[in-house]
Every structure is written in structure tokens, then in C-alpha cells.
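Peer 1: Sharing a structure here in C-alpha cells format.
The values are calculated or read from the model by the stated rules, or taken from the named source; none is laboratory data. Since the structure is predicted, the reported quantities are computational estimates derived from the model, not experimental observations. All Cβ positions, even for glycine, are placed from backbone atoms using ideal geometry, and neighbour counts span all protein chains on display. Calculation scope for accessible area: heavy atoms of the full protein, side chains included, ligands and nucleic acids excluded. Shrake-Rupley method; radii C 1.70, N 1.55, O 1.52, S 1.80 Å.
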Amino acid sequence: MELVEKTIKSDLKFDGKIIKVKLDKIELPNGDTASREYVCHNGGAGVLPVSRDGKIALVKQFRYPYKEVIYEIPAGKIDLGESAIAAVKRELFEEVGGKSNNIIDLGIIYPSPGYTNEKIYIYLAVNTDFGLQQLDYGEFLEVEFFDFDQVLEMINKNIIKDSKTIIAVLKADIILNKGKIYGI
């Protein structure tokens with residue numbers, strides 16, 4: 001059986017600044033029809049910055065939908081027409097004042113495929129130099145530095161709950177502990 005669902009009709013229900021919401025009528029693989037509502041998002045990019053002495057920079061900020069302060073890698077939405085790598089370099093500089101000449105692609109993740117088409121591109125930035133933040137208007141966050149083992153422990157203890165951060169750290173741990181990258 002082919003698992004593809006075909007769009008019959010698509011209606012835009014909400015057109016916001018960051019997201020759009022659509023309600024589509026679709027044809028199921030067995031020929032029946034159903035509806036799918038989902039959030040359309042331009043995508044995001046996040047980066048795990050590692051300093052020259054092996055410290056990881058995380059940002060701590062209040063996230064309104066959860067009503068709590070959480071730890072995350074520097075990240076943000078990809079602007080229309082912007083590449084993922086350009087967005088990640090911009091966010092690295094804006095959020096932690098970071099610059100790196102060694103940015104490694106860690107892949108694409110689908111944060112919640114049941115209701116959004118958002119893709120998040122994640123990267124690892126090694127030998128990152130840090131300076132002053134250049135935060136956007138209305139953006140409030142703090143930067144904290146941790147040893148790699150501390151971050152792994154924070155994930156294990158569910159202190160870090162953000163999926164892109166968890167995936168970036170675990171993928172980077174595999175790469176760094178396998179000896180594929182040197183000089184950190």
C-alpha cells in the first residue's frame with residue numbers, strides 16, 4: 001500500500017506573522033477522505049556552540065507557551081529567502097555573540113510532525129569565540145556556559161526539555177567522543 005495522502009483542497013484559516021494554519025481535505029491511501037489541520041512554519045535553525053576550551057553555551061529564556069524559563073541552544077526562525085546556515089550564523093552572533101569558522105551540519109529534525117511542517121536545521125559550532133550579544137528588540141535571554149558532561153546530566157535529569165537542544169547535544173556527543181573532530 002502506498003502511504004501517501006493526497007491534497008484535494010487546502011484552506012488558509014490563519015495567516016500570522018510567524019505561522020499560518022491550514023485545513024486541508026485529503027484523500028487517504030484507501031481512497032476515503034479526511035481532513036488535516038496543521039501549522040505552516042518557515043523553519044528554524046539552531047546551533048550548539050562549543051568554545052575553544054570545550055564549554056557549551058546555552059541560552060536561558062522564558063517561553064510563553066510553556067510559561068517557564070528553559071535552556072536551549074541559540075536558535076531562531078529562518079527568514080524568507082534566507083538559508084539555514086545564514087540563519088544559524090546570524091542567531092549564533094545575535095544570541096551569544098558567537099563566531100566560528102568550523103560549523104558542522106548535524107541534520108534536520110521534525111519537531112512535531114503530527115501538526116506542523118516546521119523543519120529545524122541543527123548545527124555544531126566548534127572553536128567558537130564569544131563576544132557581546134546583539135539581541136533583537138523584545139528578546140530577553142541569558143547565556144550560561146557548561147561542561148559537556150554537565151549538559152548531558154541536565155538532559156538526563158530533564159532540566160533541558162527542548163528537543164532541538166537534546167538532539168544537537170546527543171549528536172555532537174557522538175561526533176566528539178568518536179574522535180572525528182579535533183582541537184576543542
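Peer 1: May I ask you to say which residue of 54, 46 is at pLDDT below 95 and under 23 Å from residue 173 (Cα atoms)? Steps first, answer last, please.
Peer 2: Details: 46 fails: at pLDDT below 95.
The unique qualifying residue is 54.
Peer 1: For segment 96-109, does any single residue satisfy the condition of being part of a helix (DSSP H, G or I) and within 26 Å of residue 68 (Cα to Cα)? Write out each step before concluding.
Peer 2: Taking segment 96-109 as the starting set, the residues that turn out to be part of a helix (DSSP H, G or I) are 96.
Now narrow it down to the ones that are within 26 Å of residue 68 (Cα to Cα): 96.
Checked against the condition, which is being part of a helix (DSSP H, G or I) and within 26 Å of residue 68 (Cα to Cα), segment 96-109 yields at least one hit.
Peer 1: Now for a separate question. How many residues are modelled with pLDDT of 95 or more, assigned to a loop (DSSP other than H, G, I, E, B) and either in contact with a strand residue (DSSP E or B) (Cβ under 8 Å, 6 or more places away or on another chain) or not small (Gly, Ala, Ser) (or both) if we restrict to segment 12-28? Can you show your working first?
Peer 2: Here is the first cut: in segment 12-28, the residues modelled with pLDDT of 95 or more are 12-16, 19-28.
Filter again for assigned to a loop (DSSP other than H, G, I, E, B), leaving 16, 28.
Checking the rest, the ones that are also either in contact with a strand residue (DSSP E or B) (Cβ under 8 Å, 6 or more places away or on another chain) or not small (Gly, Ala, Ser) (or both) come to 28.
Total meeting the criteria: 1.
Peer 1: Which one of the conditions (1) outside any strand (DSSP E or B); (2) of a type outside the set (Asp, Glu); (3) open to solvent by less than 80 Å² (accessible area, probe 1.4 Å); (4) in contact (Cβ under 8 Å) with a residue 24 or more places away in the chain does residue 80 fail to meet, given that it meets all the rest?
Peer 2: The failed condition is (3).
Peer 1: Under 7 Å between Cβ atoms, at least 6 apart or on separate chains: pull out the pairs that start in segment 120-139 with a residue that is farther than 15 Å from residue 75 by Cα and end on any residue that is open to solvent by less than 50 Å² (accessible area, probe 1.4 Å) and at pLDDT below 95.
Peer 2: Listed pairs, sorted by first residue: 126/181.
Peer 1: Within segment 155-165, how many residues turn out to be part of a helix (DSSP H, G or I) and open to solvent by 40 Å² or more (accessible area, probe 1.4 Å)?
Peer 2: Of all residues in segment 155-165, those part of a helix (DSSP H, G or I) come to 155-156, 163-165.
With open to solvent by 40 Å² or more (accessible area, probe 1.4 Å) added as a condition, the list becomes 156, 163.
Of the residues in segment 155-165, 2 are part of a helix (DSSP H, G or I) and open to solvent by 40 Å² or more (accessible area, probe 1.4 Å).
Peer 1: Within segment 1-10, can one find any residue that is part of a strand (DSSP E or B) and within 24 Å of residue 82 (Cα to Cα)?
Peer 2: Going residue by residue through segment 1-10, those that are part of a strand (DSSP E or B) are 6-10.
Next, only the ones that are within 24 Å of residue 82 (Cα to Cα) stay: none.
So far as segment 1-10 goes, no, none of its residues is part of a strand (DSSP E or B) and within 24 Å of residue 82 (Cα to Cα).
Peer 1: Select from segment 38-77 the residues that are surrounded by 15 or more Cβ atoms within 10 Å (Cβ to Cβ) and of a type in the set (Lys, Arg) and write down the one among them that is nearest to the chain's Cα centre (by Cα).
Peer 2: Filtering segment 38-77 for residues that are surrounded by 15 or more Cβ atoms within 10 Å (Cβ to Cβ) and of a type in the set (Lys, Arg), the one nearest to the chain's Cα centre (by Cα) comes out as 77.
Peer 1: Taking the residues in segment 88-101 that are closer than 16 Å to residue 139 by Cα and in contact (Cβ under 8 Å) with a residue 24 or more places away in the chain as candidates, determine which candidate is most open to solvent (accessible area, probe 1.4 Å).
Peer 2: If we filter segment 88-101 for residues that are closer than 16 Å to residue 139 by Cα, which is where we start, we get 90-97.
Right, trim to in contact (Cβ under 8 Å) with a residue 24 or more places away in the chain and you get 91-97.
Values: 91: 8, 92: 4, 93: 78, 94: 26, 95: 3, 96: 6, 97: 7 Å².
Out of the qualifying residues, it is 93.
Peer 1: Among the residues of segment 166-179, are any touching a helix residue (DSSP H, G or I) at 6+ places or on another chain (Cβ under 9 Å), of a type in the set (D, E, K, R) and open to solvent by less than 40 Å² (accessible area, probe 1.4 Å)?
Peer 2: There is at least one residue in segment 166-179 that is touching a helix residue (DSSP H, G or I) at 6+ places or on another chain (Cβ under 9 Å), of a type in the set (D, E, K, R) and open to solvent by less than 40 Å² (accessible area, probe 1.4 Å).
Peer 1: Exactly one condition in (1) touching a residue at least 24 places away in the same chain (Cβ under 8 Å); (2) surrounded by fewer than 19 Cβ atoms within 10 Å (Cβ to Cβ); (3) under 23 Å from residue 68 (Cα atoms) is not met by residue 147; state its number.
Peer 2: Of (1) touching a residue at least 24 places away in the same chain (Cβ under 8 Å); (2) surrounded by fewer than 19 Cβ atoms within 10 Å (Cβ to Cβ); (3) under 23 Å from residue 68 (Cα atoms), only one is false for residue 147: (3).
Peer 1: Of all the residues that make up segment 119-138, how many are open to solvent by 40 Å² or more (accessible area, probe 1.4 Å), of a type outside the set (Lys, Arg) and either out of contact with any Phe, Trp or Tyr (no Cβ under 9 Å at 6 or more places or on another chain) or part of a loop (DSSP other than H, G, I, E, B) (or both)?
Peer 2: Just the residues of segment 119-138 that are open to solvent by 40 Å² or more (accessible area, probe 1.4 Å), to begin with: 119, 121, 129-138.
Retained after the next criterion (residues that are of a type outside the set (Lys, Arg)): 121, 129-138.
Those still in the list that are either out of contact with any Phe, Trp or Tyr (no Cβ under 9 Å at 6 or more places or on another chain) or part of a loop (DSSP other than H, G, I, E, B) (or both) too: 121, 129, 131-138.
Selection size over segment 119-138: 10.
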